[in-house]
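Here is the structure we will look at.
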Amino acid sequence: VISEKFKTHLNIDDVFGNQLEFINGKATGHVILPIVNAERKATLLEMLAQREGISLSQTLAVGDGANDWLMLKKSGLGVAFHPKPYLRERSSTVIDYGNLESILHLPTLRLCSGYK
């Protein structure tokens, strides 16, 4: 529900997230299927790349925890953003300071440094 508001407000093409079940206007504590777990995140990345006609090497994925690792590993540029220890240990691109705008500069920095 909240992600849909961001989608509309920011004119984002797609948003994916777990949805809480509400009955009579009250949250039940249950999540509506499908649950967006590690495997689902990786599958969604693949689906979006295929839909857009690009290879996975042309994708960028951002995450902060263990359930983001599979998605980041499959993407062309996987960014661990203020990550938890599990993801920090496995990621080659980590942002510890700043906000999400930092990501806008990463492809340029990687290109200039010769990183592939």
ask   = Going by average Cβ neighbours within 10 Å, how do the peptides 77-84, 37-44, 22-29 rank, with the highest at the top?
value = 77-84, 37-44, 22-29
key: Leading residue at positive end of dipole, the chain (Cβ point charges), from Ile23, Val62, Leu87   = Leu87
query = Which of the peptides 45-54, 11-20 is most tightly packed, and how do the rest follow, judged by the mean count of other Cβ atoms within 10 Å per residue?
reply = 45-54, 11-20
query = For the chain, which whole percent of the accessible surface, found with a 1.4 angstrom probe, sits on carbon and sulfur atoms?
reply = 57 percent
inquiry  = Lysine pairs in the chain with Cα distance under 15 Å, only those 8 or more apart or on different chains: how many are there?
reply    = 4
Accessible surface, region 23-93, averaged per residue in Å² (probe 1.4 Å) = 61 Å²
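The values are calculated or read from the model by the stated rules, or taken from the named source; none is laboratory data. Treat the numbers as computed from the prediction; the structure is a model and nothing was measured. We place every Cβ from the backbone using ideal geometry, glycine too, and count neighbours over all the protein chains shown. Surface accessibility is based on the protein's heavy atoms, side chains included, excluding ligands, DNA and RNA. Shrake-Rupley method; radii C 1.70, N 1.55, O 1.52, S 1.80 Å.
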